[in-house]
């Protein structure tokens, strides 16, 4: 099988996916980041009454048509404590921001434009236009208005307006479920004492973090040794748990100890492809097992993380009704790069501040796919197209952002 270009591999992966249609109801406080599964109509009008936009005095405009008019202050209206009477000729009510405008009033005179006099009276020092500083009832929305639509992701602004619409529960799509299985006889859990020929399993934690950040619920299947039956059993557990995606870590190639392909095809997985023209991450496997998509990531830690960013993140977001996240940016290169070969290269790099104050990306000198420390220090990956010519310091390059960059 020829090496598949990254863009083609992603397109094939996403074309086989269908967004999760299962729905649930969540309280407002638990719905952040979720996606509405139905239109949301207002259950009340907002604001529900005419209210003051400023601290001042509620007045009849005809009484202040000329500067210097004097008015009797007959009461006050505060938020939650409306003035119950009606304003008559020559009268005013002290009013505060957000408070209901009393009956009879049609304008709010700002307190800066009123001179206090003895005997609970004021004199106007400015004539505002009629209706000034009053927020009319329904200015924001009316009962029955569809304010939020199915497919809207619930961020701070949308949660706020949903609350103002008087919704305590919101209809949302269920999160995609991603099951993660680490494979290999050499793996031991963090905190354990590995043997001389064993290593600590680390990939699953980073891959799970990427899946969760993309909007998934994660099912941890733990570590499975190099045993086809055990791998097949773990995959069946994922299906039983309702996983939408099974992610395997390691063993996806075709070496003597790479058993994942054989184990999964043995229980019915249809293999789509498994070799990508990229570095790191060439031995990436994609298939379908029943209704569950399978994504086999390489065992090297950096390879698995890069592949998770490029393939798992967009897959989870599509399954979760979320738009793709655009991580690509343009930046200036701080040091030269050699010409590239036929695989698309993802070079770990960090942003630095140059002597002239400009910012550029500096590639790390060592790029081995087992070096997790370098990945942890990187804030981006320089994307080098296949057969890209050598690049010099000062050239513009494409970078895939990993996190907000520092000053360097």
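The values are calculated or read from the model by the stated rules, or taken from the named source; none is laboratory data. Just so it is clear, the structure is predicted and the values come from calculations on it, not from any experiment. No Cβ is skipped: glycine too gets one built from the backbone with ideal geometry, and neighbour counts run over all protein chains shown.
Residue 353 meets all of the listed conditions (1) under 22 Å from residue 385 (Cβ atoms); (2) out of contact with any helix residue (DSSP H, G or I) (no Cβ under 8 Å at 6 or more places or on another chain); (3) in the same structural domain as residue 384 (by TED's automatic domain parsing) but one, namely (1). Mind checking which residues of the stretch 377-408 are surrounded by fewer than 14 Cβ atoms within 10 Å (Cβ to Cβ), at pLDDT 95 or above and within 19 Å of residue 307 (Cβ to Cβ)? 385 - this is the single residue of the stretch 377-408 that is surrounded by fewer than 14 Cβ atoms within 10 Å (Cβ to Cβ), at pLDDT 95 or above and within 19 Å of residue 307 (Cβ to Cβ). Under the condition of being buried (at least 22 other Cβ atoms within 10 Å of the Cβ) and part of a strand (DSSP E or B), the residues counted in the stretch 41-62 number 6. With the structure loaded, tell me whether residue 324 is under 16 Å from residue 12 (Cβ atoms) and free of Cβ contacts under 8 Å to residues at least 40 places away in the same chain or whether it fails that test. Yes. Selection of strands (runs of 3 or more DSSP E) fully inside the stretch 130-206 by the criterion of at least 1 residues being under 30 Å from residue 44 (Cβ atoms) and modelled with pLDDT of 95 or more returns 146-148, 169-173. If I ask for residues that are under 24 Å from residue 300 (Cα atoms), in a strand (DSSP E or B) and touching a residue at least 40 places away in the same chain (Cβ under 8 Å), which ones from the stretch 361-397 would you list? Passing the criteria: 362, 380, 381, 382, 383, 384. Counting only residues that are over 14 Å from residue 396 (Cα atoms) and part of a strand (DSSP E or B), the stretch 314-348 holds 5 of them. Right, residue 179: in contact (Cβ under 8 Å) with a residue 60 or more places away in the chain, touching a helix residue (DSSP H, G or I) at 6+ places or on another chain (Cβ under 7 Å) and farther than 23 Å from residue 239 by Cα or not? No, not satisfied.
Picking from residues in the stretch 144-194 that are under 30 Å from residue 299 (Cβ atoms) and out of contact with any strand residue (DSSP E or B) (no Cβ under 8 Å at 6 or more places or on another chain), the one that is surrounded by the most Cβ atoms within 10 Å (Cβ to Cβ) is 185. Considering the stretch 263-305, there are no qualifying strands (runs of 3 or more DSSP E) wholly inside with 3 or more residues that are assigned by TED's automatic domain parsing to the domain that holds residue 380 and either touching a residue at least 12 places away in the same chain (Cβ under 8 Å) or surrounded by fewer than 23 Cβ atoms within 10 Å (Cβ to Cβ) (or both). Residue under question is residue 238, and the condition is that it be out of contact with any helix residue (DSSP H, G or I) (no Cβ under 7 Å at 6 or more places or on another chain), under 21 Å from residue 272 (Cα atoms) and not in a loop (DSSP other than H, G, I, E, B); does it hold? Criteria met by residue 238. The conditions of being within 19 Å of residue 183 (Cβ to Cβ), touching a strand residue (DSSP E or B) at 6+ places or on another chain (Cβ under 7 Å) and modelled with pLDDT of 95 or more are not met by residue 299. Taking the criterion of being surrounded by fewer than 21 Cβ atoms within 10 Å (Cβ to Cβ) and touching a strand residue (DSSP E or B) at 6+ places or on another chain (Cβ under 9 Å), would at least one residue in the stretch 310-321 satisfy it? Among the residues of the stretch 310-321, not one is surrounded by fewer than 21 Cβ atoms within 10 Å (Cβ to Cβ) and touching a strand residue (DSSP E or B) at 6+ places or on another chain (Cβ under 9 Å), which makes the answer no. Go through the stretch 77-112 and report how many residues are assigned to a loop (DSSP other than H, G, I, E, B) and surrounded by fewer than 20 Cβ atoms within 10 Å (Cβ to Cβ). So the count comes out to 13. Taking the condition on the phi < 0 side of the Ramachandran plot and buried (at least 23 other Cβ atoms within 10 Å of the Cβ), does residue 246 pass? Answer is yes for this residue.
Of the residues making up the stretch 344-360, those that are touching a residue at least 12 places away in the same chain (Cβ under 8 Å) and more than 20 Å from residue 276 (Cβ to Cβ) are 349, 350, 351, 352, 353, 354, 358, 359, 360. With respect to the conditions (1) surrounded by fewer than 17 Cβ atoms within 10 Å (Cβ to Cβ); (2) modelled with pLDDT of 95 or more; (3) farther than 26 Å from residue 138 by Cα, residue 65 falls short on a single one, namely (2).
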